[in-house]
Amino acid sequence: LTGMLLGFIGLIIIFVEGISISSIALLGLAAVVVSAATQSLGSVLIKQQKPDFHPIAITAGSIVISLPLFFLNCVVSGGWPETIPLKSALSILYLAIIGSSIGFPLYFYLLKHLSPERVAIVTLITPVTALLIGAYLNGEIISSKVW
């Protein structure tokens, strides 16, 4: 609970500079909160219900469930783009290989051997690491508004 409070205070400090919340932004924030809560609940339930799970089986199951939702989103949002820039295609390939094929099995391996609250630190480190790698590869400047 203390960690959650400190995290919330940290977010306020980070975003206080440019807070302007529209109804769309509120919807996005709500989606992020629901997403984080769902992911956390999933980790706890997997650990409680299936303590001897196989990390690759959980990863494969997650992909099997999410792919139809991805394709449904493509249909609803207007389909595939006509062209995909090389940098975007390479980013997608990186996410597929490193994020899905390597990252998720490693995450679930950690979850199998550690408590969910210890593994949760990975979900805090990952976005910051991705931001720093993206800034390095794209020559972006990281300001307080990025955080």
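Since every read-out is calculated from the coordinates, none of them should be taken as a lab result. Computed from a prediction, not measured in an experiment: that's the story for all the values here. All Cβ positions, even for glycine, are placed from backbone atoms using ideal geometry, and neighbour counts span all protein chains on display.
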Given a cut-off of under 8 Å on Cα pairs at least six residues apart, what relative contact order in percent is computed for segment 2-138?
36 percent
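How far, in nm, would the chain grow between LEU110 and LEU5 when pulled straight, counting 0.36 nm per residue and subtracting the alpha carbon separation?
Numbers: separation 105, 0.36 × 105 = 37.80 nm, distance 2.54 nm.
Fully extending the segment from LEU110 to LEU5 adds 35.3 nm.
Using a simple charge model, +1 on the beta-carbon of Lys and Arg, -1 on the beta-carbon of Asp and Glu, nothing else, what dipole does the chain show about its Cα centre, in debye to the nearest 20?
Details: 6 positive and 5 negative charges, 54 e Å.
The dipole magnitude comes to about 260 debye.
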Pop out the ³J(HN,Hα) list for segment 80-96 in order, Karplus 6.51 cos²θ - 1.76 cosθ + 1.60 with θ = phi - 60°, rounded to Hz; leave Gly and Pro as x.
6, x, 5, 10, 10, x, 4, 4, 5, 4, 5, 5, 5, 4, 4, 4, 5
Based on the Cβ-Cβ distance from THR129 to ALA96, what FRET efficiency comes out when R0 is 22 Å, to the nearest 0.05?
0.80
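Taking the inverse of the average 1/r across all pairs of different Cα atoms in segment 43-96, what Kirkwood radius in Å do you get?
This gives a value of 13.8 Å.
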In deg cm²/dmol, rounded to 500, what helix-only [θ] at 222 nm does the chain give when every DSSP H run of at least 4 residues adds -39500 (n - 2.57) and the total is split over its residues?
-23500 deg cm²/dmol
Over the Cα atoms of segment 79-124, how large are the radius of gyration and the largest Cα-Cα distance (Dmax), in Å?
14.9, 44
Quick one: what do you get for segment 2-138 if you divide its Cα Rg by 2.2 N^0.38 Å?
1.22
Specify which residue in the list TYR109, GLN39, PRO68 is farthest towards the positive end of the charge dipole of the chain, using unit charges on the beta carbon of Lys, Arg (+1) and Asp, Glu (-1), about the Cα centre.
TYR109
